[in-house]
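This report refers to the structure that appears directly beneath it.
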């Protein structure tokens, strides 16, 4: 505990002790690289999902337009059927 106090009092710089194994340093670097790779992949998945949601929004609009067109087509078909019924009844 007294050593830590002396280090703070003297203002010594941070240093890496030679007792830290090189394997530990490499493991930390590899783990950090893996974490960064994972974060990049997660970001790409999020971007892909955002694009899919945007595309699905367009799909909803298209579906609404098709439903509206089908209503008009049904009305036109009903008019045609009524006219055919009148022609058949008039014969």
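Results for (1) modelled with pLDDT of 95 or more; (2) assigned to a helix (DSSP H, G or I), shown as yes or no for each residue.
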| site | (1), (2) |
| --- | --- |
| 13 | no, no |
| 20 | no, no |
| 33 | yes, yes |
| 43 | no, yes |
| 66 | no, yes |
| 78 | yes, yes |
Meets criteria (at pLDDT 85 or above and over 27 Å from the mean Cα position of the chain (by Cα)) for residue 49: no
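The values are calculated or read from the model by the stated rules, or taken from the named source; none is laboratory data. Only a predicted model underlies this, so the values are computations on that prediction, with no experimental measurement involved.
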